[in-house]
Number of protein chains: 2
Amino acid sequence: MNAKDLVAAFAERLEARDWEGLAELLDPDVVYEIPQTHERIRGSDRYITFNIEYPGEWHIEPKVVLGDDHDGCLLFRWTVGESEDALAIAFFEVAAGRITKVTDFWPEPYEPPAGREHLVERWE
Amino acid sequence: MNAKDLVAAFAERLEARDWEGLAELLDPDVVYEIPQTHERIRGSDRYITFNIEYPGEWHIEPKVVLGDDHDGCLLFRWTVGESEDALAIAFFEVAAGRITKVTDFWPEPYEPPAGREHLVERWE
């Protein structure tokens, strides 16, 4: 599988809590990182445990899946029960048909800086 | 140009402040959105003005560029003088060889929730 197919399968198996199927996509030495918190998890066993233990009734819904021979990316809607509903992004590195790195980004709402109101509309 | 080539050219021309070259990549009715602030800018003229007016000595350095016939994405390092140094993400929609939509994500640092320290290391 190239990176795009791996990313699509990753999203599907994660949503399905198919932990054995997910493990088949991962290099045993996969590295998971969240640059915003400077957190890193090493190894597919620990990374899958992290997902199994993640609290709440979470769901991921892919919006954009892209990939080439080395890199992939996933834009997804992330919901947790009725308390969270956001877009998030994961980047992937791939080698020899397995995912070797997952990098997650969790953008939070913020108030825009002043000075661009003359160009911008806001929704909702 | 497919989406990948458009994204690569977009990053290069934005960094070069090549506003005419940038305009050539954009559909005149391009839509720019920041989901985190619910801001939207309509039209290539206003979107280029937004970039021209963006304050500070900003630079973008592409880290990952991906794309197919319809969608593209850019992971980039964003620096503003010595005050900001972060990773950010843009997604692109493309039609008829022009960028029709740009969606930006600006993830901010945050403190990780408790409960996963047994799986995680932190850097720096």
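Values in this text are rule-based calculations from the coordinates and carry no lab data. Since the model is a prediction, treat every value here as computed from it, not as a measurement. Backbone-built Cβ (ideal geometry, glycine too); neighbour counts: all protein chains shown.
Values as computed for the structure displayed
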| item | result |
| --- | --- |
| Under the Karplus curve 6.51 cos²θ - 1.76 cosθ + 1.60, θ = phi - 60°, whole-Hz ³J(HN,Hα) for segment A:22-38, x wherever Gly or Pro sits | 5, 4, 5, 8, 9, 5, x, 9, 3, 10, 10, 9, 10, x, 5, 10, 6 |
| Within 10 Å of each Cβ in A:65-77, the average number of Cβ atoms from other chains | 4 |
| Principal-axis tilt of helix A:3-15 within chain A, Cα atoms, nearest 10 degrees | 80 |
| Gyration tensor (alpha-carbon) shape descriptor, the protein assembly as shown, a/c threshold 1.5 | prolate |
| In Å, descending, principal axis extents of the Cα set of chain A | 50, 32, 25 |
| Teacher prompt: B:GLU15 distances to equivalent labels in other copies, 7 Å Cα→Cβ, nm | 3.5 |
| Sparse-neighbourhood loop sites, trypsin sites (Lys or Arg not before Pro) in segment B:1-108 - DSSP loop, at most 15 other Cβ within 10 angstrom | B:ARG17 |
| Charge dipole (debye, nearest 20) of chain B; +1 at Cβ of Lys and Arg, -1 at Cβ of Asp and Glu | 240 |
| For segment B:1-47, size of Cβ-based charge dipole, Lys and Arg +1, Asp and Glu -1, in debye | 160 |
| Value of [θ]222 nm, deg cm²/dmol, for chain A, DSSP H segments ≥ 4, -39500 (n - 2.57) each, nearest 500 | -7000 deg cm²/dmol |
| Percent of Cα pairs exceeding the 20 Å cut-off, where the set is segment A:14-77 | 35 |
| Using a 7 Å Cα-to-Cβ projection, A:ARG46 label spacings across copies, nm, ascending | 4.8 |
| Dipole of chain A [Lys/Arg +1, Asp/Glu -1 at C-beta], most positive-end residue of A:ILE48, A:TYR110, A:ALA3 | A:ALA3 |
| Summed residue charge, Cβ within 12 Å of B:GLU12's Cβ, Lys/Arg positive, Asp/Glu negative | -2 |
| Point-charge dipole on Cβ atoms (K/R +1, D/E -1) for the protein assembly as shown, about Cα centre, debye to 20 | 200 |
| Inter-copy separations for A:GLY97, label at 7 Å along Cα-Cβ, nm, ascending | 3.9 |
